[in-house]
Structures are given as C-alpha cells and as structure tokens.
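The structure under discussion appears below in the form of structure tokens.
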Amino acid sequence: MSKFTDLNLAPALLQAVDALGYTDMTPIQAGALPLLLEGRDVLAQARTGSGKTAAFALALLAKLHCERSRLQVLVLCPTRELADQVSKEIRALARFIPNVKVLTLCGGVPLRPQLASLAHEPHIAVGTPGRIGELIEREALRLDSVRCVVLDEADRMLDMGFLDAVRGILAGTPAARNTWLFSATWPAEIRALSAQFQDAPVTVAIEDAHEQAAIEQRFYQVEPPDKPDAVIALLLEHQPASCLVFCNTRVDVKTLSDALCRRGVSALALHGDLEQRERDETLLQFANGSARVLVATDVAARGLDIKALPMVISWELAHDADTHVHRVGRTGRAGESGLALSLVASRETGRVARIEEIIGAPIAWAKLPSRGHSLSMPAPAMRTLAIDAGRQDKLRAGDILGALTGEAGLQAGEIGKIDLFATRAYVAISRARFDAALQKLRDGKIKGRNFRVRGL
C-alpha cells in the first residue's frame, strides 16, 4: 500500500489530500496510517519532516464524530510553534468536512481568549502540556469524552521537563481511548510511558537511511575564539539560501548573530528571552525567505519545520548524541541533499566519541575554507510585511493577495508565503517590490478597510 487512494478514507479526506498535492505516502504514513485507521495504539519512530502529522491527522479525522460537540481528540506538542503547525495541518485536511472545530491551546499567550473559546467545546485540541494542564485544573477543559490522544515529538517533551505533566493529562483521560506516540528517539522514559498508557501498541520504526545518505556531515576542529570567523567562512563558501545555526546557550546565540550582522549577513536570533510575538515574527521571517540565517538554541528551534533547508551548522556539539541527530535531520529532507557542519573545540572530544557510537562510523574531519576572499552573501530575496489584522477580523489570505495584485499592482510571483494569526497577518514580498507594496497598502484598503501595515 503506497497511495492514499489505497486506504479506506472518506471522500472528503481524499479530496483534501488531493487538494494538498499528496499522492504517494511517505514511509511513516504507509507504515502507521493503516494501523491508526484500524484503531490500534501505535508507538512510531518518526522525525520532523517525515509526514507523521498528516498520518495521525487523517486517522483522527476519520474517527471524528462532528455531530457531537465534545472534545474527542487531544494532541500534545512540546512547543507552541509545533502546535501551531499541527493545527494548520489538521485544518487543511479537514477543509471539506463541515463544522470541525480545532483549538490551539498553548502558553505564552493570554489565557482569557482561550477560556472564552472553550465555552463551546472543540472537537480537537492541540496544545502544550503546561497550558493544557492549567486549563484542566481550572476545569475549563474536560477530558471525559476524549477518544484519542496523540503525543507528538514525545522525546522533546521529556527533554523539556514535561514528563510529569504528560502523565497527569493521560491519567485524566478515559481508559477506552487510542494513544498514538510519535518520537524521533526511544529513550527508556518513552518506553515506560508507552507501557503505562498504551494498550498492546504496535511499533512502527522507519529506516531513515535513504534520507541520511543525502546528508553530508563534516566536522571542523575550531577553538571558541575562532568560531565566529569559522561560521562566516562556511557561509561564504557554501552560500546557502537558508541556514540554521544551533547554539547551546542564549549567550552564544547573541554573540554569533551580532557577529554575522556586523559582517552584513542577514541573520536573526531565536532564544527563550524573546516575547512570543518576537518569536513568531522571527520564525516566520526565516521560513518565508526574509532572512538567510537563523541562529537558535535547540529548544527555541523546536517545531520549526523548514522543508528546504540546505545547511545546518552546530556552533558547538550538542550535549547528547540524540540532539545531534535531531540537528542533522533538519536538512536533507524530501530527497534533497543537505550539509550538516559541526565546529568542535578540543574540550568536546568526549561528545565526538558518543556521536561516532550512535552513527556507527568514524566522523569525517574537514579543513575550514580560506578566509582571505572578499565574498559576501546576497540579501534574501524576500522581505516581510506585517498587517495588524487577522482571522478575528475575518481576514483571509485571498483578501491580502487580492489587495496586492489589484490596487498594489504586484504579480503573483512577487508575493510569497502568507501567514495568518488571530490578530495579525504577515506576507513575504519580493525585496525589489517591497517599498511599493508597503506604500500601496498603507494608502489603500484591504477588504474595504484600513489596517495598520508595517515592514519587519
């Protein structure tokens, strides 16, 4: 079974699959989806970008009873960014099913609007363990009708200290439920969680060797004082359209992002000190092509799903080998080749041995490129335009596209990704046309109304 049409899916789901351009299933979809549709508990090994979200989204939508205005599905994610992405995917696959209500319930945003939304129960709730637990304690979220729980990126939730919260939430759900657990790695805690809360789970482990083979790993001996110059030399040599640089600390994120900006490299910083709006705007600017480089800690980058990411750099080796594997797996997706470059100081030799053990082969040492050339990185192709209106204002992507291609006079090819939030919208505009588009929208209207428009 390799195609979605081979499955016994409802016409509305097959229509959504077709509209999204899905034809052949990915390995994790082919391995897990038939089992999920059968109502089996599943313990699946799947990394970000494997197609796992579509797998469990199709299965939970297939089992949904829309006529019942009760919470039936709970999806737990480690970060708000991942929860937002999962919610979007579920909504996209549910587009031809009437009256499906999906709520995203995460921390970092005001609680009151979420409490108001819960006055009418959703069919599906997607959220982080902390906020879901808080809503349960307030008795705003009831679990008595939940028929399916999904743990997405379960190993990351454990890494972030959510194990007790996850256990508490699962313990409050009915015993007669499905539990679907997706994790890139299977530490002992994951297996213990599965043993406690899953009923005869079927294990689905997909060999990623074909994807790993497309990723070239290189390691460079570099001491800390020389690392900023080393990152710049690698960026100048490879000229990636986009690159994610991992740092272990917020201090290193700031040090490197400042150094890159001083050298004229379009770089953004992502770390835990940012306000939620700043995090959102940083992530979407990188995702829509408005910045060439994102410097981030591992935790801050969770949930970031960039399908075409040609290069990742580790400023410092990850503290554990599993996290290193996660970093490497950010590149080389969907059959594309990828580069994973790691800077290694002499004090990190112990981590090298652990990485060699987990990949089962000696690492490949390389020599840094010459830094004597005067190359530079071109500016990113896009810039981001922000509109202070969103879904709550009944604003749709088509409204923004119409305003830009109509009165503003842009061609469709000059407009990139459009991101809609509850009270804000963002659109990537070709850099050459950005100033004209900004002025036209400031002077004109969108959907017959004036909104504040600004550039990021």
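Each value in this text was obtained by applying a stated rule to the coordinates, not by laboratory testing. Remember, it's a predicted structure, so these values are computed and weren't measured experimentally. No Cβ is skipped: glycine too gets one built from the backbone with ideal geometry, and neighbour counts run over all protein chains shown.
What the table below lists for this structure:
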| read-out | value |
| --- | --- |
| Amide H partners (placed H, <5 Å) of residue 345, local residues excluded | 222, 317 |
| Rounded, prolate or oblate (a/c below 1.5 giving rounded, otherwise prolate when a/b exceeds b/c) for the range 413-456 by Cα gyration tensor | oblate |
| Matching label, volume of the Cα convex hull per residue in Å³ computed from the structure shown, candidates (i) 220; (ii) 240; (iii) 150 | (iii) |
| Note, ³J(HN,Hα) from phi for the range 81-89, Karplus 6.51, -1.76, 1.60, rounded to Hz, x at Gly and Pro | 4, 5, 4, 4, 5, 4, 4, 4, 5 |
| Length released on extending from residue 411 to residue 349, taking residue separation times 0.36 nm less the Cα-Cα span | 17.0 nm |
| The range 222-373, relative contact order in percent, only Cα pairs under 8 angstrom and at least six apart counted | 28 |
| Length added when fully stretched, residue 278-residue 396, from 0.36 nm per residue minus Cα-Cα | 40.2 nm |
| Amide hydrogen neighbours beyond the local backbone of residue 202, cut-off 5 Å, H modeled | 41, 42, 43 |
| Candidates per trypsin sites (Lys or Arg not before Pro) in the range 426-456, loop by DSSP, up to 16 other Cβ within 10 Å | 445, 447, 452 |
| Rounded FRET efficiency, nearest 0.05, which uses the C-beta distance separating residue 447 from residue 99 and R0 of 30 Å | 0.80 |
| Built amide H within the under 5 Å cut-off of residue 297, gap 5+ | 247, 270 |
| For the range 382-455, diffusion coefficient by Stokes-Einstein and Kirkwood Rh (Cα), 4 °C, 1.567 mPa s, µm²/s | 110 |
| Longest exposed-site-free window of the chain, the sites being GluC sites (Glu not before Pro) in a DSSP loop that have at most 12 other C-beta atoms within 10 Å | 276-456 |
| Helix-only [θ]222 nm of the chain, DSSP H runs n ≥ 4, -39500 (n - 2.57) each, per residue, nearest 500 | -10500 deg cm²/dmol |
| Relative packing of peptides 90-101, 319-330 - highest average C-beta neighbours within 10 Å first | 319-330, 90-101 |
| DSSP-defined antiparallel bridges as percent of all bridges, the chain, nearest 5 | 25 |
| At most 12 other Cβ within 10 Å, DSSP loop - trypsin sites (Lys or Arg not before Pro), the range 372-427 | 394 |
| Listed residue pairs exceeding 29 Å between alpha carbons, taken from 394/417; 417/440; 367/417; 3/394 | 367/417; 3/394 |
| Distance between modelled label sites at residue 19 and residue 65, nm, 7 Å Cα→Cβ extension | 2.6 |
| Residue 359 paired with residue 115, simple spin-label distance in nm, labels 7 Å along Cα-to-beta-carbon | 5.0 |
| Sites residue 388 and residue 258, calculated FRET efficiency, Cβ-Cβ separation with R0 22 Å, nearest 0.05 | 0.15 |
| Normalised contact order of the chain, rounded percent, pairs of Cα under 8 Å and 6 or more residues apart | 14 |
| In order through the range 139-148: 3J(HN,Hα) via Karplus (6.51 cos²θ - 1.76 cosθ + 1.60), integer Hz, x for Gly, Pro | 6, 8, 10, 9, 10, 5, 10, 5, 10, 8 |
| Added length on full extension, which subtracts the Cα-Cα distance from 0.36 nm per residue, residue 205 to residue 456 | 86.2 nm |
